[in-house]
Amino acid sequence: MIDIHCHILPYTDDGPCHLIKCKEMAQAAISTGITHIFATPHHHNGLFENPKADILNRVIEFNKYLHQANIPLTVHPGQELRIHREIFISLEMGEVLTLDNKDKYLLLELPSGEVPTYTQEIVYELLLKEITPIIVHPERHRGFIEENNLLFELVQEGALTQLTSGSILGHFGKKVKSLADKMIEHNLAHFIATDAHNTNSRGFSLQEAYETITNKFGINRTFYFKENAELLLCGQYIYKEEPVPIRKRILGIL
Ligand SMILES: [Fe+2]
């Protein structure tokens, strides 16, 4: 399996702070069937700055380490970029790292409390540059939980989304799980990833999430997510189904 969002690099962000912990994470990933993983450190989120060149170097070093340790996990470079108004200046300055440095897909994080008013504009401008933003874990975002339609509008505009495996399993509470399910039902989700930070509370629950999706939505939906991750790894266009707006329930009735 392929995990497109994970914090596994040592001494980089709020992921593991020691190489031994990284090794444990890599072993845990392998034990759950993950063979390829995108290391996506936080960048420009107010706490961590991890520009492109730093991540590229760290991934090379980490892959060497994994090879020497005989751990059959391939790590690909990526970045979890916090949205900000000057994003295109950051791009020009070479700080932004797209997935696998292919300038096709970019993990985009929104601030947890709100959806900035300029989000649609940034998505539009990125798409014009042929970079498709993947909005990470919108189901965990208060702004989207309160106003589902904002999410529909962004997906309709051309943004992709990634659900966190733990959300599907209920690790982040009922509201988050509910929005994750609705997103799958309404064709508003395109990828599942672990967003793992360690081997315990924020570990590798991708396989478990796929099993839950299969039980709830059928095996074809699981194939859809797995295939999208493969297409992304190859830098190809991913499959999208027509997004459907999530209707608000009024007095429990749709
Ligand atoms: Fe993350």
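The values are calculated or read from the model by the stated rules, or taken from the named source; none is laboratory data. Keep in mind the model is a prediction, meaning the values are calculated, not measured. With ideal geometry, Cβ positions are generated from the backbone for all residues, glycine too; neighbour counts draw on all protein chains shown. These area figures cover heavy atoms from the full protein model, side chains too; ligands, DNA and RNA do not enter into them. Shrake-Rupley method; radii C 1.70, N 1.55, O 1.52, S 1.80 Å.
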Practice task
Kindly indicate whether any position in segment 141-150 is outside any helix (DSSP H, G or I) and either surrounded by fewer than 22 Cβ atoms within 10 Å (Cβ to Cβ) or more than 16 Å from the ligand (Cβ to nearest atom) (or both).
Solution key: yes
Exercise for the section: Search segment 232-254 for residues that are within 15 Å of Leu179 (Cα to Cα) and pair each with any residue that is assigned to a loop (DSSP other than H, G, I, E, B) and at pLDDT 90 or above when their beta-carbon atoms are under 6 Å apart and the residues are at least 6 apart or on different chains. Expected result: Pro243/Asn187; Pro243/Leu188; Val244/His186; Val244/Asn187; Ile246/His186
Problem - Output for segment 209-231, where each listed residue is in contact (Cβ under 8 Å) with a residue 60 or more places away in the chain and either open to solvent by 30 Å² or more (accessible area, probe 1.4 Å) or more than 19 Å from the chain's Cα centre (by Cα) (or both) - result: Lys226, Glu230
Completion exercise
Reported set for segment 161-199 where residues are more than 16 Å from the ligand (Cβ to nearest atom), farther than 22 Å from Glu242 by Cα and open to solvent by 60 Å² or more (accessible area, probe 1.4 Å) is Lys174, Lys175
Completion exercise
Out of (1) over 23 Å from Ile4 (Cβ atoms); (2) open to solvent by 60 Å² or more (accessible area, probe 1.4 Å), the one Ser112 does not meet is (1)
Problem - Out of Thr117, Thr161, sole residue that is closer than 21 Å to Thr212 by Cβ, outside any helix (DSSP H, G or I) and of a type outside the set (Lys, Arg) - result: Thr161
Practice task
Report whether or not Phe48 is touching a Pro at 6+ places or on another chain (Cβ under 9 Å), modelled with pLDDT of 95 or more and under 22 Å from Asn198 (Cα atoms).
Solution key: no
Problem - Those residues of segment 10-44 which are touching a residue at least 60 places away in the same chain (Cβ under 8 Å) and closer than 14 Å to Leu97 by Cβ, in sequence order - result: Phe38, Thr40, His42
Practice task
Could you check, for segment 232-245, whether at least one of its residues is surrounded by 15 or more Cβ atoms within 10 Å (Cβ to Cβ) and assigned to a loop (DSSP other than H, G, I, E, B)?
Solution key: yes
Practice task
Report yes if Tyr105 is within 14 Å of the chain's Cα centre (by Cα), of a type outside the set (Lys, Arg) and either away from the ligand (no atom under 16 Å from the Cβ) or surrounded by 14 or more Cβ atoms within 10 Å (Cβ to Cβ) (or both), otherwise no.
Solution key: yes
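Listed here are the residues, each with its yes/no results for (1) within 16 Å of the ligand (Cβ to nearest atom); (2) surrounded by 13 or more Cβ atoms within 10 Å (Cβ to Cβ).
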residue: Phe48; (1), (2): yes, yes
residue: Lys64; (1), (2): no, no
residue: His67; (1), (2): no, no
residue: Val75; (1), (2): yes, yes
residue: Gly78; (1), (2): yes, yes
residue: Glu86; (1), (2): no, no
residue: Ile131; (1), (2): no, yes
Completion exercise
Output for Cβ contacts, cut-off 8 Å, separation at least six or different chains, first residue among the charged types (D, E, K, R) in segment 143-161, second open to solvent by 60 Å² or more (accessible area, probe 1.4 Å) and not in a loop (DSSP other than H, G, I, E, B), reads Glu153/Gln120; Glu157/Gln120; Glu157/Tyr124
Practice task
Within segment 30-44, identify whether any single residue is within 16 Å of the ligand (Cβ to nearest atom), among the aliphatic types (A, V, I, L, M) and surrounded by fewer than 16 Cβ atoms within 10 Å (Cβ to Cβ), and answer yes or no.
Solution key: no
